Amino acid sequence: MAENSTRTIGVLTSGGDAPGMNAAIRAVVRKAIQNGMKVKGIYRGYTGLLNEEIVDMDKRSVSDIIQRGGTILGTARCEEMRTEEGQAEAAQICHDHGIDSLVVIGGDGSYRGALALSRHGINAIGIPGTIDLDIACSEYTIGFDTAINTAMEAIDKVRDTSSSHERCSIIEVMGRNAGYIALWCGIANGAEDILIPETYDYDEQRIVDNIINNRKHGKRHHIIINAEGIGHSTSMARRIEAATGIETRATILGYMQRGGSPTCKDRFYASIMGAYAADIAAQGKSNRVVCLQHGEVTDVDIEEALVMEKHISDYQFEISKALST
Ligand code: ATP
């Protein structure tokens, strides 16, 4: 390990919770302690930082959490952190508690807060924690794997009953701005149609024609995976039933996709990324986002990370249609 220029590291979780965040917290705490640092846990994201909900953590503080969903530190959205005054106050609180490095586990918004703190002299390091996979610099985000597996199992169950009753099912999955959960489940569940926010101008008449055509060719069900960003699944179901004459039901999976024990992959990468964050903090690095690129854990500049773009693969989207005929 490189020279230890950080003495105290803080860790918080921010934005939406994601399964695997606890594995990341555990790794930050234990690796930082091995690196000779003190660790402070901050409850409720930036809200807790501003309220000074800060506790000392040791190796035992993170016992028995690797398998638990959610985040033991809690999370929050904090409007005050978006203001200059809030950011200056948060940085001052870090200084007062001797926190020279802060690890923020969350999404893009959380990195903007981290970037602001780094401008006030705190070594800020982001770890991608979001079920949506929508962090451009990283091939992987903590929680995505658990969320898609949870959704996939639920969709399989809806499919069984849908086939038995020869129904059409619209299943709404999470993803307000990003369609990765819908795309992955759409392909993994063999859905007939996938609707994602990146291509909002979907053609409902084409879906209706597709359902009627598939029924003529002997398909006993029709599964439409609809991302939250498109929404309106219930009214869509009513319109499709009226247009096709085929019983159509909407199922909104909702928050169940966020919870549950993290998969092996989420625990694995959250552990590696958490440890990596503690290592680069020990080296005094600041303003970095830990990420997975070409299968390797590495780090990039936060500002660069925030301007990167990530797009759903056209090829994968087209393949999903080709395989469902
Ligand atoms: P998710 O992907 O789950 O939505 P996120 O980290 O992107 O996670 P946000 O709600 O966008 O979630 O951001 C989390 C918190 O980060 C906000 O509540 C706010 O405290 C802080 N934050 C967001 N944007 C900024 C900003 N521009 N400047 C400073 N802080 C910000």
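The values are calculated or read from the model by the stated rules, or taken from the named source; none is laboratory data. Everything quoted here is computed from the prediction, not taken from an experiment. Note: ideal-geometry Cβ built from the backbone for every residue, glycine included; neighbour counts use all protein chains shown. Areas reflect the complete protein model, heavy atoms only, side chains present, ligands, DNA and RNA absent. Shrake-Rupley method; radii C 1.70, N 1.55, O 1.52, S 1.80 Å.
See the values below:
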| quantity | calculated |
| --- | --- |
| Normalised contact order of the chain, rounded percent, pairs of Cα under 8 Å and 6 or more residues apart | 25 |
| Sorted largest first, extent of region 212-325 alpha carbons per principal axis (Å) | 65, 30, 26 |
| Length added when fully stretched, residue 120-residue 152, from 0.36 nm per residue minus Cα-Cα | 7.2 nm |
| Computed P(r) (all Cα pairs; the chain; 10 Å bins; percent) | 6, 26, 29, 18, 13, 6, 1, 0 |
| DSSP beta bridge pairing in the chain, given as percent antiparallel to the nearest 5 | 25 |
| Two-site label geometry, residue 96 and residue 239: point separation in nm, points 7 Å out along Cα→Cβ | 5.3 |
| Area accessible to solvent at residue 160, 1.4 Å probe radius, in Å² | 100 |
| Lysine pairs meeting the criterion (Cα under 30 Å, 8 or more apart or interchain), as found in the chain | 23 |
| Size descriptor, Kirkwood hydrodynamic radius, that averages inverse alpha-carbon separations across region 146-258, Å | 13.7 |
| Evaluated at q = 0.14 Å⁻¹: base-10 log I(q)/I(0), Debye formula over Cα of region 265-325 | -0.58 |
| Probe 1.4 Å, accessible area per residue of region 197-325, Å² | 53 |
| Surface/4 estimate of mean projected area, convex hull on alpha-carbon atoms of region 66-110, nm² | 4.2 |
| GluC sites (Glu not before Pro) restricted to region 131-175 and DSSP loop, no more than 13 other C-beta within 10 Å | 166 |
| Accessible surface ranking that places the most exposed of 256, 308, 37 first, with a 1.4 angstrom probe | 256, 308, 37 |
| Low-density loop positions, GluC sites (Glu not before Pro), region 1-95 - DSSP coil, at most 10 other Cβ in 10 Å | 3 |
| Accessible surface of the chain [probe 1.4 Å, protein heavy atoms]: carbon and sulfur percent | 48 |
| Test item: Cα-centred dipole of region 146-258, Lys/Arg +1 and Asp/Glu -1 on Cβ, debye | 260 |
